[in-house]
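All remarks here apply to the structure that follows.
Coordinate-derived values only; no laboratory data. Since the model is a prediction, treat every value here as computed from it, not as a measurement. Don't worry about glycine lacking a Cβ; one is built from the backbone with ideal geometry, like all the others, and counts go over all protein chains shown.
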Amino acid sequence: MPILAKQPRRDDDLDNPAVIALGAGCPAEVMGEVEARFGITCLEGFGMTEIGIPIHVQADNRRNGSCGKPMDIYEIKLVDDEDREVPVGDIGEIVFRPKEPLVMMLGYYNMPDKTLEACRNLWFHSGDLAKKDTDGYFYFVDRKKDALRRRGENISSFEVERAINTHPKVLESAAVAVKSELAEDEVKICVVLQPGEQMDPAELIRYANDRMPYFAVPRYVEFMDHLPKTPTERVQKFRLKEAGLTATTWDRERAGISISR
């Protein structure tokens, strides 16, 4: 939805047959813009190939930033690294199991070890982090393997990207970890600009500084023509991590840019 919102406006934007759009990770203000511009209702959800979409919102029962509530046919909770359920409001990994037969996969084909690993302690482990409010609404935080830790602070790459993507010159971005000299992570943001746009990295950092916690502001910026993706348009972050710091990576500390708290 954020990429759709960044397309040039046309006089016939409302002239389309779409009624409902389903997406994920969309800021509330962008969702409202898309709904008004294209005359559609936007819904969010959380899903996986292994289970479908077990958590989703309903058109008449939405909450800003939430991917919704679980369907009745699943049991879902959030757990820590030892599979202990976390308190309401804390971040944990989404785990689930079916209440009815044949509503999710039986296992990974010819991969029994991976099936056992994912289904340990009788729960399927999604590898995704989320938090839940007192009313039972879930809020996606990040892929567990994509989460960063910088100088004692946990950082959601998803939240960094969401803030960066609101810049009008940015088409899309991907935040990845770069190992620092302090044995944790530094944040690198890989950015694809809108066609024909140019930007000073310092401008982007100042923009980020106003919209995210100081410890999450990226140290490194790299502008790219495109992000590496799978055939289903998922960003291949492992390739960005493998690339690390390149000859075209900009370093805000080396540039002398200070971050305000």
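Numbers below:
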item: Segment 77-91-segment 11-44 distance, computed between alpha-carbon centres (Å); result: 33
item: Least to most buried among ILE51, ILE189 (fewest other Cβ within 10 Å first); result: ILE51, ILE189
item: Exposure proxy ranking, count of Cβ atoms within 10 Å, fewest first, for ILE164, ILE91; result: ILE91, ILE164
item: For segment 190-251 versus segment 92-139, the gap between their alpha-carbon centres in whole angstrom; result: 31
item: Cα-based Rg and Dmax for segment 50-167, where Dmax is the largest Cα-Cα distance (Å); result: 15.3, 45
item: Cα gyration tensor shape for the chain, rounded if a/c is under 1.5, else prolate or oblate; result: oblate
item: Cleavage-rule hits, GluC sites (Glu not before Pro), segment 50-83, DSSP coil, Cβ neighbours within 10 Å at most 11; result: GLU82
item: 3J(HN,Hα) from dihedral phi, segment 79-94, Karplus parametrisation 6.51/-1.76/1.60, rounded to Hz, x for glycine, proline; result: 10, 8, 5, 9, 6, 8, 5, 8, x, 4, x, 8, 7, x, 7, 6
item: Karplus 3J(HN,Hα) series, Hz, for segment 246-254 with 6.51 cos²θ - 1.76 cosθ + 1.60 (x for Gly, Pro); result: 10, 5, 9, 7, 9, 10, 5, 5, 5
item: Backbone HN-Hα couplings from phi across segment 108-124 [Karplus 6.51/-1.76/1.60, Hz, Gly and Pro as x]; result: 7, 4, 6, 9, x, 5, 5, 5, 5, 5, 6, 9, 5, 6, 6, 10, 7
item: Partners for LYS132 among lysines (Cα-Cα distance below 25 Å; same-chain residues under 8 apart left out); result: LYS69, LYS77, LYS99, LYS144, LYS145
item: Sites matching chymotrypsin sites (Phe, Trp or Tyr not before Pro) across segment 54-153 that sit in DSSP coil, with at most 13 neighbouring C-beta atoms within 10 Å; result: TYR109
item: Net charge of Cβ neighbours under 11 Å - reference VAL86; Lys, Arg +1; Asp, Glu -1; result: -3
item: Proximal charge balance of THR166 [Cβ under 12 Å; K/R count +1, D/E count -1]; result: -2
item: Amide hydrogen neighbours beyond the local backbone of GLU75, cut-off 5 Å, H modeled; result: ARG97, LYS99
